[in-house]
Each structure stands twice: as C-alpha cells, then as structure tokens.
2 protein chains.
Amino acid sequence: MGSIPLQAQSSTFVNTLMPQPAHLTVGSGSLALGTQFTACEDKFHDGRLDRAVSRFLVRLKNETGLQIATAAGNCSATLTISVDGAGEAIQSDDENETYSLEVTPNGLHLHAATVVGAIHGLATVYQLVQASGSGWELPAVTIDDAPRFRWRGLMIDSSRHFVPIDVIYRTLDGMAAVKMNVFHWHLSDDQGFRIESKVFPKLQELGSDGDYYTQDQVRSVIAYARDRGIRVVPEFDIPGHAMSWLVGYPDLASGVGTDGKGNHQGPYAISREMGIFDPVLDPTRESTYQFLDKFLSEMTALFPDPYFHIGGDENNGVQWKNNPRIQEFMKSHDLKDTAALQTYFNQKLLPILKKNNKKMIGWDEIFTPTLPKDAIIQSWRGFDSLAASAKAGNGGILSAGYYLDQIQSAEEHYKVDPIPAGSDLTPEQASRILGGEAAMWAEHLSPRSIDSRIWPRAAVVAERLWSPQSVSNVDDMYRRLWVESVRLEDFGLLHLAAEDIGLRKLAAPEITTPDQIAPLRVFADVLQPVSFSQRYQLQHTTQLTPLDHLIDAVRPDPPSRHEVEAAVAEYLKNPSADSPAHAQLTAWFQQWVKTAPQLAPLMKAPLLQEAAPKAEQFGQLGQIGLDALKYLDAKQAAPAGWKDQAQALLKGANEPIGMVRFTVLEPLKQLVASVQ
Amino acid sequence: MGSIPLQAQSSTFVNTLMPQPAHLTVGSGSLALGTQFTACEDKFHDGRLDRAVSRFLVRLKNETGLQIATAAGNCSATLTISVDGAGEAIQSDDENETYSLEVTPNGLHLHAATVVGAIHGLATVYQLVQASGSGWELPAVTIDDAPRFRWRGLMIDSSRHFVPIDVIYRTLDGMAAVKMNVFHWHLSDDQGFRIESKVFPKLQELGSDGDYYTQDQVRSVIAYARDRGIRVVPEFDIPGHAMSWLVGYPDLASGVGTDGKGNHQGPYAISREMGIFDPVLDPTRESTYQFLDKFLSEMTALFPDPYFHIGGDENNGVQWKNNPRIQEFMKSHDLKDTAALQTYFNQKLLPILKKNNKKMIGWDEIFTPTLPKDAIIQSWRGFDSLAASAKAGNGGILSAGYYLDQIQSAEEHYKVDPIPAGSDLTPEQASRILGGEAAMWAEHLSPRSIDSRIWPRAAVVAERLWSPQSVSNVDDMYRRLWVESVRLEDFGLLHLAAEDIGLRKLAAPEITTPDQIAPLRVFADVLQPVSFSQRYQLQHTTQLTPLDHLIDAVRPDPPSRHEVEAAVAEYLKNPSADSPAHAQLTAWFQQWVKTAPQLAPLMKAPLLQEAAPKAEQFGQLGQIGLDALKYLDAKQAAPAGWKDQAQALLKGANEPIGMVRFTVLEPLKQLVASVQ
C-alpha cells in the first residue's frame, strides 16, 4: 500500500475517476457490494443531504441491479457520511468543497465540512463502482480531495436558440457528475430574451417568440442546481447584444430615431442573423438607468447568487458614434471614445448591483482600471487578457480555449490551463484566477444536438479545473472519458443516443426498418462536425435555418480520432503483421472498405446527398490503410505512384463535404508517410 | 385516376399513412415542397389552431431542411386550412373529428368542421411528405377521413412506477401523431397515489414516496393534450387497488381494526408487492362517502373531461367478509355478496359524480343491471363482457387484447377488433361500443423502457380504432409501422434510442469506448422481452426491483420477427439460391454466426451474464439457418440426425434465458421442417 501516481492501477483498482482527485492512495482489497448495502448520516444532515444520498443510492441500485434501500438509515451502515454542517446558505465561490473518503473491505467513510463537499464525495463513490466477476465492488482507496479552482462553470446560451427546460435539468445532472459548480445562464442576446419579467413583460412577450423561462421555472432550476452543489449565475448581456430588449422597449436604444435626436426609435425586431449588430442600449439617458434599476432589482431578487453577469462584450459603438446627442454627451462628460462611454455605463450599473448585494461579472470588455476590485472578468480573449485584470487586482475566469462550439478535441481543451505553466503571475495574482467556464454558444444548437456538443468534452474541462495541474496524461484522460461518457447517459443525457436518432431521420427515405442504419453508424463513427465558424461560412446560418443535417447528428471528437491515432502510433513503433495494433487497424480498415458500398443507397436520401462524396472517400481511406499496412508489414516499397496517389486522396478527404470532416486523417497520413 | 385499394401505390405515391384514412383517392403528380411553402387559415382560427399549424410547419421545416415560415400567413398560400369552428369547449367523445384533404400539384386544401379535425388533418399531411430525388413532395391525393371509433385511448399507469412528466408530454405527442384522442391516466393504485390533493394532502404526502404530479402540472398536461385533440380521463381506482390512500387515511379501510369493529385501522404502507390485496375502502360508513364527496369534487373540478374513471376492478372482498360489522351491514341492506356491496358503493358514488357533471367509467366489475345507462365499461375481460353491457344499454371500450405489457406482437394487437366480424350485436348495440384503449401497466416500467413498451405498437391499436375494419393487411401494416416508428422519434420519443442506452450501460464493464456495442445491437435486434407475467414468475419483481436487465433494454416485437418470417415465407415458395429472399436470409444468418463469438467477451458484464447462453444459441441459430438453406437450395436431404439436432436446438432456444426470448424461431422451425 502506498501513495501511487494517479494513473497507475493496482491489480484490483481500475481508476476511472473523472475528475481525478487531488490525493488518492490505493489500499488492499475491495468492498463487495450486496443488497445489504446501507448508508447513514452520522453527524449533520438536512433535506439537501438526504436527497443527495437518496439519488446516489437509486443510481447505485440501478447500476448494479442490487435491490438496496434507497434512503439513509440507522448507523452501523456500509457507507457512513459525516458532514460537519450545511455550508453556505447561498453557495458562493467561497464554499468549502473538500471531502475525504476511505474505502476498506469493511465499509466506506465519507467526511466533508459541508453538504456540497459530501455531494462531490458521493459523485466520486459512484465513479468508483466497478464490476468484479458476476458482482460489483468498491476498491479500497483513501481519497483526500479538493478542487484546484473554485469556479468550474458551464455557460449555456439560451438566446440564439432556446434550450428547453428538460435539457437544462439533465445538463445540471451531468455537471454534478463531474463536480462542476457554476451554471452560467446566458439569458438574453440579440436573438431572444428568454426569461419572464413581471416588471417589463414586453421583454419576453415580444422578444422571445414565446420561448422563455417562467420565473417559477427559474426558481425550480435554481433549487435543483443547489441540490447538486451548483450555483446559477444569470447573464443579461448589455449594452450590446440586446436587440431583443428593443422589440418591446425601443426607447432604450441609441439610434437617432425619426427626429434625429433619438426619439421615436425603432421599430426593432428579434435578430434572426448571427453576429454583432449596431443597436445597443442608450447609456446617456436617465430613463435607461431607471429601467435597468427596476429590471435588475427584479432579477437580482430572483437569482440568489452573489454574482450577476452583465455581459458587456462586442459593442461596436456604431449607434453611439452616429447619434449627435450621444456624441454631445460624450464631449460634455469628457468621454474620449465609445469604450469610455461603456465604462461610464458600467459605472452606473455598479450602484444598482451593489444595493442589491451583487458583485459584477462581465466579459473582457468591462475591464478598466476603475472597475471595483470585487468585479470579475470572464475572458473570451485568453490568458493575457485575464492576467492583465488579475495584475490590476480583479478576479477572473477563463473561457478562451473552452468554447465547445469550436468543435475542438477533448485533448485540445484539456491542454488549456487557466494558469499556464510559466506564467509570470505572482502567487497573489494567480490566486485571483478563480477558474474557468466551458462555453456553449447556441448559433447551431437544437435540443437534439446540444448534448453531444457539451458532453463528454465538458467533463475534460471539469477535470482541468478540479484536478491538480500535473494530471495531464492525454491517453489516460481519453481512457477515462469514454467510461464517463457512458456513465453520463445514466443522468439522462442523450449525447450518444441522439446520433442514432439523427441518422435514422436522415436515412428515413431510404430505409425500410429502423435497424437498417448500421452502415451509417460505422460511417458516423469517423465523422465530426466542422466548427461553428466553418459552418457559418459554408451555410450562412440564421436562427431560422433548420438544424437537421448530418453535421447535426454526428458527434465532436468521437472515440475514433484518438483510438486510430493511438493504434497507428503503437503500430509504427515496430511495424509487424503480428501486433495487436495491426489486427485492430486491419479490422477497422476492412470494415470501412466493406461499409462504403452499403452506404451508397442510403446517401440518396435528400439530406444525405450533400455528404455522399464523403461516403466514397470513406472506402478509399480504408483501402489506403490496408495498402499501407501491407507495405509496412513487408518492409517493402510501395509501387510507383501509390504514395502520391494516397497523399492526394488524403488531401482531398481533408476538405469538409456536407459540413462534416473525417477524424482519422492524421494517423492515416502518418501511415502513408512511413511507407518507403 | 380513381379510387383504389388503400394498400396500392401509384408510381409516385408511397402510402405510409398510419392510421389509414377512411377514403383515399390518388391523383396525378405531386406538389413539390420548397422554401416558399406557406400556410393560411381562411375561415375560423383560434390560438389552438394557430399553435397546431405552427407545430406542423416547424416539423415540416425540420424534416425537409427547407427554411419555411413557421406561422400561418396571408392567404393565397400553399396550404389553405378551412375550419368551420372551434368545436366543443370541452372535447368529448361527441367531437366532430372528420377532415378532408385535397393535394394537387398546385397546393393543398384542408377542410375540417372543428379544430380537432384540422389537427388530425395536419397529422396526415405530415405523414404524406415523401422524398423525391434531392427534394421533397406531397403526392396528389384526395382524402375524406373520419374515425371508425370515437374513443381511441392509451392508458398509462403512473402508480406502480411513477412516470415523469416529460414522458407524459412526449407520449401525448406520439398519440397525436397517430390520431389517438383519449389519455387515460391511472393515477392511484396500491403502489402509489400520484396526484396532489389540496383537500387531503396526506394522500400524496404519505402515499407517493414524493413522486406525484402537482395540480399545476396536471393543468398543464390537460392544456397540452387539448392542443393536440386529446382528452384526459383520470382514473382513481376504488374501492380496491387503494392501499396507497390508506397510508394517510387509514380510517377509510375495511379491516377489523384493533377493536374488531373497524376502529383504529392500520397502519398501512404503500404496497411494494404487485397483485391484489385485501385492504379496500369501507363502503358501509358515511365517513367514507363524506371523504369521497370532498375528494371527488376537488378532482372533478381539476379534470374537465365529461367522464371520470373510478376503476372498480379486482376487489377480492376479503376485508368485507372478515369484518363482522360489514357483514352485519350487508345483511341489514339485503346485499347478498361482496359484489352486491360493491354495487352499493358505486351507486353511492353516482350522485357525487352527477352533481359534478361527470359520467362514470369503470372496469368490467362495475357493470350491473342497475348501472345508469350513461356509465360506460372498460373491458379487460374481453369482447363478451363488453357485449353484455352493450346489450344492456351501456357504452363500452375494449382493452382486452390491447395490453402492451403482455409483450405481444403488433400483429396480434392488430387482429383484435372491438366489434369482431360475426358478432351478434344489433347495429344499435354495436354503436355503444365506442372504441378501445391500449393499456400500459407499470409493474415493470422505467422512464427508460416505457417508450419502447408503448411505441410503435400503440400505433397499430390506433389504426385498428381509426381505420375501416377492412384495413387488415399485416404485411402492409408492418411496412408502414417501421416508417412510423422512425417518424415518432421526431416527437421526442426514445423507443429506439433507449435500447442503445441500455446496451451501453449493460456492457459498460466490458467495453472501452461507447461505440463497441455493435455486436450487442445485432444480438438485440432478434431479442424481445418476455411478457409481464413471465417476468413476474421468473423474478418475483416488486416496486423496488431494479429494472436494468437486458429485458429492460430490448424492444417488444422488433422488425426482425416479421422480416425473417416474411423472407422465409417468400423463400419457401420456391427455394432457390438465386432469389432475393435467399440472399437476405443468408446475409442475416452469416451475421449471426459471425457476431456470436464477438458477443462472448461482452456477456461477461455482471448484468449480461444471465443471458450469455442466449448469445451462444444466437450463433447456433445462424448455423441452422445456413445449413437449412444449403439443403433446400440443393433439394437434397440433410445428413442423418441433422434435423433432430436442429429441432432440439430450436426447442432449447425457445426457453427464455435472462428473461429474453428470440423473435426468429418460428420461421427457422419452418425452414428446418421444410428440409427433407
């Protein structure tokens, strides 16, 4: 027994924890799970802890098929949960989230200072369960765990496309599974105002197409999140990205109006296009602040979190520059540019937030030297921007590098650190970097595609933010990620199943039973969507564009990418027809060759035709792989012209067609390049 | 052009309608769908119709990828919707549901007397959309449609296992897709009281484990259903099946109590076991009726439907027989047996329902000659029972033969008719048979399995109840059913996707990426669950039994059953190695043989081990098929002993193992029997 590196495994313990804990020691043996498994709370307990324990027991029961009691009972139980107290009445970034866990062959003991810590500990116990012959066991381990960063968030944009409430709930369950603790809810933007205001009802009535959350729903979401150790930070993006506000309240805008002085504004409409638009709130009128005072007072009362996000990004200043009255105002107030005017605007918001006991958070653009030190910056620009505000004394969180709509690999996100090695921050400055947030922008999101855009990649961001910086082995991360991906389905997420649903729908005109999509599944396994910006360029999407193409069905960074890469790397270490890597690669390549002709009839369906050339390339890729293996196995040169032809094919296959791209081109290039 | 049999197809029209309309005439050509598609309402419209049109347009947009406007606009549109009026303020079984539809190459015209008729018509238009090269079209048809039966229901038992509200919503969408019009909500039973009562809150507080619907949720469900042309008929099963009531209100029970006179009853607990239990309501005390008066007045105000279901089934009478005071009462009231006492009870309920403007509906047991003629009978016993009440003047609906938990094939349900050919009912008596209801009892239902237990088989019951009796071609039904099955996924149903989710979870201990379940899918395609009663015998399930076995993942009556049967029948007409049926059968059998060894490692997962012998049989079945084809192709006798051995293997494979059974044994038996 002893402290071992996190990736190591004892004979009985297979570490599939995600995120990895701060400290883990493997013990001897394991605790067998049986129907007599019980849980008790031997110190403090409350309704929140009781519910968390009950959820855990129900999951344990459903995973193992063991008919165990699903409520905490009397002590002398298998699992003893010792919690010191409730924790904060309103969870903040100061909440104590630590826990310790000891599993022995005789039982488990979970200790936490707060209920939130215990919730995290239960998430760990659930991930420790492993099969053992025909039964289940918990391996003997000792864990002392605490997060590296206190702010581990997921932002969801509910504006550009509305996100139904059931999606929000299951996303919160997924977040809790990987110990994320902030749900940042982007509730308004040019394309939709998504929450009920009772004070200014035209906001949602005219700004949402009827798709908004009621205040009752929001309260339920906040309670649900709190039960899972998650804070809810609302964002109302102002003064830019606010076109949807102006539909109902045009007088808030900064346009010149029909009289050239800013009167008789509008009419404005919900923006169907994506991007940055001229209309923004007017920061020069007292009426704007009277409106915001009432509105923000309503919303700050609804959301208990100490932070309130005012957005503040991407205001192009055009309306301010074009309005003589606003130019006049800037001159008289000595505001030298529109950035200074936006700072003026933010300064006017501060007392409103302050009297409602809220601290401000906003995107990079809100940072100025005069910003109060308790305001924090969320950076879409990157570490340098974040470091600048940290040096000035402001807290910050990183989102650059964690944009899920960029359709990057889990590996790429994993390598982004809020405090990169070698940064020049002092320890004090570094301590102001509170964590980060994965950002799920919604230009191309439907209720069917959102899960696969968030999961499982957000779990990797969660690990980066929770686990020690030293936890960085990419192979081991992927090994655990695929386990976690299946586990996340237990929480209601449809990130895997939605692919099949999409494929069936796409193929429907060409199949006679639902089970005939098997070839499409094989194909989809090596495809992924192009990024947000590539799709936008290819398709010029708007809010009204149907999101029902192959790109909407396939998953970002499916297992094939890293698997084929790892198998090729393994094979190339010592090319031989006898190696397991060779066998695995051959099986894949043969399957692609065999599947390509089966795809042809399916690709005649109207919405698949655009990707039909990709299906032809698919078979060619398999053949290139088989040929390359043949030459490499035999250590013989390829026939003249083969290599050029293969490289040309790979180059052609690198172009997105039908807005999807292959996941397996890099390792194939390596194989071909290795042939003499 | 001309009236043609419903299953026939013109060169351009592929009839995938489900249910089939009453009258359909195929015209010439088709209407091409484009982005300019518009809809308008040229006569009456209201919010309900507007929402239905908008939902239809959103679906059309998402199916075709055409960016069409999603709200009704000005007339001179592609689709003109002419509705005479709103229809009933509270939809009843008298609602006019007819519609007519004319599609020409120039446009569509939908006419209906009521909004409900128009909703049905839009469901038909959605099913008419078909691919045409790289685009989409609506074939030219004229449809005059009306349901054969006015009561086309689906009953869901929310008591034995709670059914989350999001499942209810998506089920209502599925019902509307196939024109079902009654959601019968079984809200209380021994195992749970599932609705909030404000008058008697201990009903849900102590009788539901916290899993119940709030009155706000119920109102939302009723509004959602009404928007889709669906009535909501609540059932509170009394006087039996009411144990969950007694947890909070033990004085309602008929036990002898601690004083032997029925006082100091209980304590009672929620029943975890399934079946029929002794505790029932006491029909001899005025206090019972005072309670029911208040409770039913509360619930009848919540549910607007003219009918109110009081259950009434499966009271074993034990408590009544054992209680001297109740025996005394029966004697003094000249009630010769417990059935008579239950009739007395029902008679006391009638005025309570009547003053709340409700008509009574109950299971077979409530039928007696004194039952008012406006009460109707729901028959779980079968047509004879239904006919007896129809002859006595009472309306009735059939559920026997439509029990989805029996895990029968769609074909079996399809062949059950509420008025079987050759029945001796007069036309007047027959007219009292209002329709039927598919019944989804919840002993073995989880939120993950419920969709595949209901869908797509309920669509076949819907067709039986809507379409002319002459629509009865099983092959054609299955052809359309698989199309409908994929379409139902557009309504949020997870009947297909949940299988994969279950398989991934089961295989999790033995796979390293989620995509490795491919062999399990091939296996699952020829498996189906054993029936409710078989599982109950094998496993003695209770409400607490985890529902996470292979049986919970696989689908009832998957396509393989009818497909293999049809291919074998086709092949046996003229056995030859050159026929398409031979090629199809060979491909399947080879795949089974190839897949069986790939299954072996996966079947080591703890919850799959019980079914491992089935995976071995799977390969043997494939080999039997291949051998049989070989002998039949060559018209040669099998080697000595082969036939006996094959038949023994088939007999062995017929036994359920791991609570699943094969779908393909019957056609294999035929193949083997055909070998010389």
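Using only the heavy atoms of the protein chains and a 1.4 Å probe, how would B:ARG381, A:ARG231 rank by accessible area, largest first?
Values: B:ARG381 140, A:ARG231 5 Å².
Putting B:ARG381, A:ARG231 in descending order of accessible area: B:ARG381, A:ARG231.
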Practice problem: Grab the other residues whose beta carbon is less than 14 angstrom from that of A:ILE143, score K and R as +1, D and E as -1, and report the net. | Solution: -3
Self-check item: Stretchable slack from A:THR512 to A:LYS635, in nm (0.36 nm times residue separation minus alpha-carbon distance)
Solution: 39.6 nm
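Taking a 29 Å limit on the Cα-Cα distance, which of the listed pairs A:LYS331/A:LYS358; A:LYS573/A:LYS651; A:LYS198/B:LYS179; A:LYS43/A:LYS359 fall beyond it?
Details: A:LYS331/A:LYS358 31 Å; A:LYS573/A:LYS651 25 Å; A:LYS198/B:LYS179 38 Å; A:LYS43/A:LYS359 34 Å.
Exceeds cut-off: A:LYS331/A:LYS358; A:LYS198/B:LYS179; A:LYS43/A:LYS359.
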Quiz item: Order of A:286-296, A:499-509 by packing, highest average Cβ count within 10 Å first?
Solution: A:499-509, A:286-296
Quiz prompt | Residues with amide H under 5 Å from that of B:GLU437, placed H, sequence gap 5 or more | solution = B:GLY153, B:LEU398, B:SER399
Quiz item: Once you charge only the Cβ atoms, +1 for Lys and Arg and -1 for Asp and Glu, what is the size of the charge dipole of the range A:303-363 about its Cα centre, to the nearest 20 debye?
Solution: 260 debye
Quiz prompt | the range A:221-352, accessible surface, carbon-and-sulfur percent (1.4 angstrom probe) | solution = 55 percent
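Quick one: pull the percentage of alpha-carbon pairs in the range A:317-439 with a separation above 17 Å. Walk me through the numbers on the way to the answer.
Values: 4695 of 7503 pairs.
Roughly 63 percent, once rounded to a whole number.
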Quiz item: Using θ = phi - 60° and the Karplus form 6.51 cos²θ - 1.76 cosθ + 1.60, what ³J(HN,Hα) does each residue of the range A:123-134 get, whole Hz, x for Gly and Pro?
Solution: 4, 5, 4, 4, 6, 7, 4, 9, 6, 8, x, 8
Practice problem: Note the distances from B:GLY85 to each other copy's matching label point, with points 7 Å along the Cα-to-beta-carbon direction, in nm, sorted shortest first. | Solution: 6.9
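Assigning unit charges at the beta carbon (Lys, Arg +1; Asp, Glu -1) and nothing else, what dipole magnitude in debye, to the nearest 20, does the range A:389-428 show about its Cα centre? Show your work: numbers first, answer last.
Details: 2 positive and 6 negative charges, 22 e Å.
Using Cβ point charges on Lys, Arg, Asp and Glu, the range A:389-428 gives about 100 debye.
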Practice problem: Quick one: check the C-alpha center-to-center distance for the range A:40-76 versus the range A:351-400, whole angstrom. | Solution: 40 Å
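Add -39500 (n - 2.57) for each DSSP H run of 4 or more in chain A, then divide by its residues: what number comes out at 222 nm, to the nearest 500 deg cm²/dmol? Before the final figure, lay out the partial values.
Numbers: 25 runs with 281 residues, N = 676.
Helix-only estimate at 222 nm: -12500 deg cm²/dmol.
Using a 1.4 Å probe, what is the accessible area per residue for the protein assembly as shown, in Å²?
Values: 46480 Å² over 1352 residues.
Roughly 34 Å² per residue, with all protein chains present.
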Practice problem: Please figure out what share of the DSSP beta bridges in the protein assembly as shown is antiparallel and state it in percent, rounded to the nearest 5. | Solution: 40 percent
Exercise. Name the residue farthest towards the positive end of the dipole of the range B:83-182 from the options B:ALA89, B:ALA112, B:LEU122, assuming +1 on Cβ of Lys and Arg, -1 on Cβ of Asp and Glu, about the Cα centre.
Key: B:LEU122
Quiz item: What shape does the range B:105-238 take by its C-alpha gyration tensor, where a ≥ b ≥ c are the square roots of the eigenvalues and a/c under 1.5 counts as rounded, a/b above b/c as prolate, and the rest as oblate?
Solution: prolate
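Under a Cβ-Cβ cut-off of 9 Å, what is the net charge of the residues other than B:SER244 that fall near it, where Lys and Arg count +1 and Asp and Glu count -1?
Computed value for this residue: -1.
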Quiz item: Which of A:GLY317, A:ASN357, A:GLN347 sits farthest toward the positive end of the charge dipole of the range A:316-364, with +1 on the Cβ of Lys and Arg and -1 on the Cβ of Asp and Glu?
Solution: A:ASN357
Self-check item: Protein accessible area in the range A:541-676, 1.4 Å probe - carbon and sulfur %
Solution: 54 percent
Self-check item: Under 5 Å, built H, 5+ apart or other chain: amide partners of A:VAL141
Solution: A:GLY27, A:VAL103
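Dividing the convex hull volume of the alpha carbon atoms of chain B by its residue count, what do you get in Å³ per residue? Spell out each step's value before the answer.
Numbers: hull volume 120.6 nm³, N = 676.
Residue-normalised Cα hull volume stands at 178 Å³.
Rounded to the nearest 100 Å², what's the accessible area chains A and B bury against each other, both chains counted, probe 1.4 Å? Write out the running numbers ahead of the final one.
On the way: alone 25210 and 25220 Å², together 46480 Å².
For A against B, buried area totals roughly 4000 Å².
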Self-check item: DSSP beta bridges in chain A [antiparallel fraction, %, rounded to 5]
Solution: 40 percent
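Just to verify a number: FRET efficiency for A:ALA301 and A:ASP166, C-beta to C-beta distance, R0 = 22 Å, to 0.05? Spell out each step's value before the answer.
On the way: r = 26 Å, r/R0 = 1.17.
Working from the Cβ atoms, E equals 0.30.
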Quiz item: Given H placed 1.01 Å from N in the peptide plane, which residues other than close sequence neighbours of A:ARG448 have an amide H under 5 Å from its amide H?
Solution: none
Exercise. Over chain B, calculate the relative contact order: mean separation of alpha carbon pairs under 8 Å at least 6 apart, over the residue count, as a percent.
Key: 11 percent
Exercise. Mind jotting down the three principal axis lengths of the protein assembly as shown based on Cα atoms? Whole angstrom, largest first.
Key: 96, 79, 76
Practice problem: Report the far tail of the P(r) of the range A:351-405, meaning the percent of Cα-Cα pairs longer than 18 Å. | Solution: 31 percent
Quiz item: Using the Karplus equation 6.51 cos²θ - 1.76 cosθ + 1.60 (θ = phi - 60°), what ³J(HN,Hα) coupling, rounded to whole Hz, does each residue of the range B:576-587 give in order, writing x for Gly and Pro?
Solution: 7, 5, 9, 7, x, 4, 4, 4, 5, 5, 4, 4
Quiz item: In whole Å, how far is the Cα centre of the range A:458-506 from that of the range A:523-573?
Solution: 15 Å
Quiz item: Any idea of A:THR512's accessible area? Nearest 10 Å², probe 1.4 Å.
Solution: 90 Å²
Quiz item: Tell me, what HN-Hα J-couplings in whole Hz come from the Karplus equation 6.51 cos²θ - 1.76 cosθ + 1.60 at θ = phi - 60° for each residue of the range B:200-215, using x for Gly and Pro?
Solution: 10, x, 5, 4, 7, 5, 9, x, 9, 6, x, 9, 8, 8, 6, 5
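Pairs of alpha-carbon atoms within less than 8 angstrom and 6+ residues apart define the contacts here; what relative contact order does the range A:129-286 have, in percent?
Details: 266 pairs, mean separation 32.5, N = 158.
Normalised by residue count, the contact order of the range A:129-286 is 21 percent.
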Exercise. Mind checking which aspartates and glutamates have their Cα closer than 20 Å to the Cα of B:LYS415? Skip sequence neighbours fewer than 8 apart in that chain.
Key: B:ASP384, B:ASP405, B:ASP424, B:GLU437, B:GLU463, B:ASP475, B:ASP476, B:GLU484, B:ASP557, B:GLU563, B:GLU565, B:GLU666
Quiz prompt | Estimated FRET transfer efficiency when R0 is 56 angstrom, pair A:LYS198-B:GLN645 (beta carbons, to 0.05) | solution = 0.15
Quiz item: What residues of the range A:464-508 lose no less than 50 Å² of accessible area with every protein chain in place versus their chain by itself (probe 1.4 Å, heavy atoms only)?
Solution: A:VAL486, A:GLU489, A:ARG504, A:LYS505
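Compute the signed sum of charges (Lys and Arg +1, Asp and Glu -1) over the other residues within less than 9 Å, Cβ to Cβ, of B:ARG521. Numbers along the way, then the final one.
On the way: positive: A:ARG521; negative: A:ASP515, B:GLU499, B:ASP500, B:ASP525.
In short, -3.
The values are calculated or read from the model by the stated rules, or taken from the named source; none is laboratory data. Just so it is clear, the model here is predicted, and its values are computed rather than measured. FYI the Cβ positions are ideal-geometry reconstructions off the backbone, even for glycines, and counts take in every protein chain you see. Accessible surface areas use protein heavy atoms only, side chains included; no ligands, DNA or RNA. Shrake-Rupley method; radii C 1.70, N 1.55, O 1.52, S 1.80 Å.
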